[in-house]
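In what follows, a single structure is set out as C-alpha cells and then discussed.
The values are calculated or read from the model by the stated rules, or taken from the named source; none is laboratory data. Small disclaimer: the values here were computed from a predicted structure and weren't measured. Positions of Cβ are generated from backbone atoms using ideal geometry, with glycine treated the same way; all protein chains shown enter the neighbour counts.
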Amino acid sequence: MTKIDSTARIADGAVIGDGATIGPYCVIGPNVTIGPECELLSQVSVSGHTTLGAGCVVHPFAALGGAPQDTGYRGEPTRLEIGERCTIRESVTMNVGTVKGGGLTKVGARGFFMAYSHVGHDCQVGNDVIFANSATLGGHCEVGDYVYIGGLSAAHQFVRIGPQAMIGGVSGLRGDVIPYAMVSGQFAHLEGLNVVGMRRRKFTHARLQLVRSFYHDLFHAPGVFAERLARAQSRAGEDPAIAEILAFIGDGKKRPLCMPSEVYGTSGSRTSAEPQ
C-alpha cells in the first residue's frame, strides 16, 4: 500500500509506484517516477526528469534530479536514472545530464551513497558501489561496478574509475584508475591492487599471483611505460582481469592514467614516464 504524508507535495504528472512511502515535507516534481517499494523518509527533493528504481531508500535533505552545475545548461529535459535498491543518505546530490554530455546521468543498482556525496551531470555509475561521506564526482565521470570511493575524495570531470577499484579517503583523482586498483593521495597515485576486494570477488590465490605479476611488469619493470604496455598486450589471454585492465587502458581518451607515486615529482606534476 502506497503511503503519502499529508505534508508532502507531489506535482501532477509524477508517478508513485505501488508500496512506496513518501514521508513528511518531501517535494516531487511533475516528471518524476518513484519506483515500487521506495521509501523517502522526509524532506527529500526529487525534481527534473528523474526515475528512482524499486526499493530505494532516500534520507532527509537529499536532492535528486537537480539542474546540472554546468554554465551551458539551458533547462533542457535531460534525465537522471537511479537503479533499484540504492541507499541514499542525508544531503546526497545527483544531477540530471546535459545535452552535450548525452543527456543522461545514470546510477546503477544497490549503491550505497553516504551523506553529502555527489554524482555530477552525465556521470555513469555502476552497480554495488559505495561512496563514503562527501565523495564527489565531477561531470562526465565513469565508475565501474564494486568501486569504493573514500570520504572527502573527489574525481575531476571525465575521470574513469575501473571496476573493483578502491579510492582512499581525501584523494584527488586527475587520471583514470585501472580496474582492481588501490589509489590514494592528494594527487592520487596507484598503490597496488585492491587484493581484499579481489578476494571478496572469489579470486583464487593463483589468479591473484598472476595479476600481481602483470601489474608489476606493467607499472614497475624497467623501460618507459609505452614499451611496457606494448609488451603486456601478449598477456591478455592469461586472465580475464588482465584483459580487462588492458582494454580499459586502450579505451582511455580524456585523461591520462593514474600512475604509481614514483612517476610523479614532489609537486604532483607528471614526469616523462607517465603515458601521454
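Quick rundown of the values:
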read-out	value
Any hit, region 245-253, residues being modelled with pLDDT of 95 or more, crowded, with 18+ Cβ neighbours inside 10 Å and not β-branched (Val, Ile, Thr)	yes
1 or more residues under 30 Å from Lys100 (Cα atoms) and touching a residue at least 40 places away in the same chain (Cβ under 8 Å): qualifying helices (runs of 4 or more DSSP H) within region 158-261	240-250
Inter-residue pairs, beta-carbon under 6 Å, first over 18 Å from Leu137 (Cβ atoms) and touching a residue at least 24 places away in the same chain (Cβ under 8 Å) and in region 56-84, second hydroxyl-bearing (Ser, Thr, Tyr) and surrounded by fewer than 19 Cβ atoms within 10 Å (Cβ to Cβ), 6+ apart	Val57/Thr87; Pro60/Ser42; Phe61/Ser91
Flag if Arg160 is of a type in the set (D, E, K, R), crowded, with 18+ Cβ neighbours inside 10 Å and under 20 Å from Gly111 (Cα atoms)	yes
Qualifying positions in region 144-161 - farther than 18 Å from Leu193 by Cβ and either among the β-branched types (Val, Ile, Thr) or under 10 Å from the mean Cα position of the chain (by Cα) (or both)	Ala155, Val159
Checking Cys56 against (1) farther than 19 Å from Gly126 by Cα; (2) buried (at least 18 other Cβ atoms within 10 Å of the Cβ); (3) among the hydrophobic types (A, V, I, L, M, F, W, C), the condition it does not meet	(1)
Close pairs (9 angstrom Cβ cut-off, 6 or more residues apart or separate chains): on the phi > 0 side of the Ramachandran plot in region 18-46, modelled with pLDDT of 95 or more and not in a loop (DSSP other than H, G, I, E, B) anywhere	Gly19/Lys3; Tyr25/Arg9; Glu37/Thr21; Gln43/Val27
